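To keep things clear, I will list the structure first and then write my remarks on it.
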Amino acid sequence: DWVMGDYIAEAVDAIQRQVGDEEVILGLSGGVDSSVAAALIHKAIGDQLTCVFVDHGLLRLNEGDMVMEMFARNLGVKVIRVDAVDAFMGKLAGVSDPEQKRKIIGKEFVEVFQAESKKLSAAKWLAQGTIYPDVIESAGKGKKGAHTIKSHHNVGGLPEDMHLKLLEPLRELFKDEVRELGVALGLPREMVYRHPFPGPGLGVRILGEVKREAATLLQRADAIFIDELRATHATERDVASGACAAADVGKSWYDLTSQAFAVFLPVKSVGVMGDGRTYENVVALRAVVTSDFMTAHWAHLPYELLGRVSNRIINEVRGLNRVVYDVSGKPPATIEWE
Ligand code: XMP
């Protein structure tokens, strides 16, 4: 619409005036904010922008490929993909404490990003997808305690000798505005309206020690869950059973939930397949409805949907033989399991 068109023209102009002919680097995480910042800055300065995408192996299924497809292929953005899976897995070996895992992932992320940034010695600017609520949050720092949201995405502590100036074109926008801007810039709606994904990624959804094999199983189970949520739309029957309101009929269960994901439990249970006995891992499904993520209700997903997800996971993902659904509210449970 014209309002957003005007906004984009102004923002592009402001970025061009600010940056001039200097080079900019940006850490692309796959999340909405850094993606929209990248698209906007690329529109303004094209090849003066280089994005660095750190793949730590704890992202959603095929996320790295999708980021490259969207930015490098479709939008023509310069993106350096850093395969840091071995480095992250190495640092996480033997660590099972959730906060320790968060610290390690955050620290490693900064180190990998810095090492890559140093190679781009011409860069004078560091661009970040900081949005207005982040500005408020860091002003009242420590509000969320151990869950300092996005702490490792705000690539703090770049080496002094890099002397990078900060470029934060989304600083004055609320999340909804960032999403509208993303769509107006040509990013796929489906990507821009995705559920939030924690910075440490699957690192806090693989309970206990993080192992590569668990990440692979979890990515596949999670993708099946998300697929089915997107493909299943609320019906009158769901209204009758109290699962949703009349106004929700026709909406997808993905849109009717605020966040949904699978969790890998380091527990094996016995199953039976054909004539044989299996002894494999369990995944938990978590889906919540919330307006602020400070409190949340578990989502009353239709039984048929849960049944389909369970069947598909058990049939399609060898190594998982049991699926359970989390029916805990927040409080007392948190949304993530770690
Ligand atoms: P909890 O589990 O605290 O989650 O109820 C509330 C929201 O915060 C997200 N979350 C995180 N996001 N880094 C992040 O960037 C983290 O360490 C982290 N821990 C939780 C969680 O996904 C939910 O949206």
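The values are calculated or read from the model by the stated rules, or taken from the named source; none is laboratory data. Fair warning: this is a prediction, and the values are worked out from it, not measured in the lab. Ideal geometry is used to build each Cβ from the backbone, glycine not excepted, and the neighbour counts take in all protein chains shown.
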Is it true that residue 25 is assigned to a strand (DSSP E or B), under 21 Å from residue 178 (Cα atoms), at pLDDT 95 or above and out of contact with any Lys or Arg (no Cβ under 8 Å at 6 or more places or on another chain)? yes
List every residue pair whose Cβ atoms sit under 7 Å apart, with the two residues 6 or more apart in sequence or on different chains, where the first one lies in the stretch 65-88 and is assigned by TED's automatic domain parsing to the domain that holds residue 116 and the second, anywhere, is among the hydroxyl-bearing types (Ser, Thr, Tyr). 78/50; 80/50
Turns out the helices (runs of 4 or more DSSP H) fully within the stretch 157-266 with at least 1 residues that are farther than 21 Å from residue 54 by Cα and among the hydroxyl-bearing types (Ser, Thr, Tyr) are 253-256
Go through the residues of the stretch 237-258 one by one and say whether even a single one is touching a residue at least 60 places away in the same chain (Cβ under 8 Å), within 16 Å of the ligand (Cβ to nearest atom) and not charged (D, E, K, R). yes
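Go through the stretch 259-269 and give me each residue that's more than 10 Å from residue 225 (Cβ to Cβ) and in contact (Cβ under 8 Å) with a residue 40 or more places away in the chain. Outline the logic, then answer.
Filtering the stretch 259-269 for residues more than 10 Å from residue 225 (Cβ to Cβ) gives 259, 263-269.
Those that are more than 10 Å from residue 225 (Cβ to Cβ) and in contact (Cβ under 8 Å) with a residue 40 or more places away in the chain: 259, 263, 264, 265, 266, 269.
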Tell me which residues, restricted to the stretch 297-334, are of a type in the set (Gly, Ala, Ser) and either in contact with a Pro (Cβ under 9 Å, 6 or more places away or on another chain) or more than 16 Å from the ligand (Cβ to nearest atom) (or both). 307, 310, 319
Could you grab me the full set of residues in the stretch 95-111 that are at pLDDT 95 or above, in a helix (DSSP H, G or I) and among the β-branched types (Val, Ile, Thr)? 104, 105
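Quick grid of which residues meet (1) surrounded by fewer than 18 Cβ atoms within 10 Å (Cβ to Cβ); (2) touching a Gly at 6+ places or on another chain (Cβ under 9 Å); (3) among the β-branched types (Val, Ile, Thr):
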| position | (1), (2), (3) |
| --- | --- |
| 269 | yes, no, no |
| 276 | yes, no, no |
| 281 | no, yes, no |
| 286 | no, no, no |
| 300 | yes, yes, no |
| 320 | no, no, no |
| 324 | yes, no, yes |
| 331 | yes, no, no |
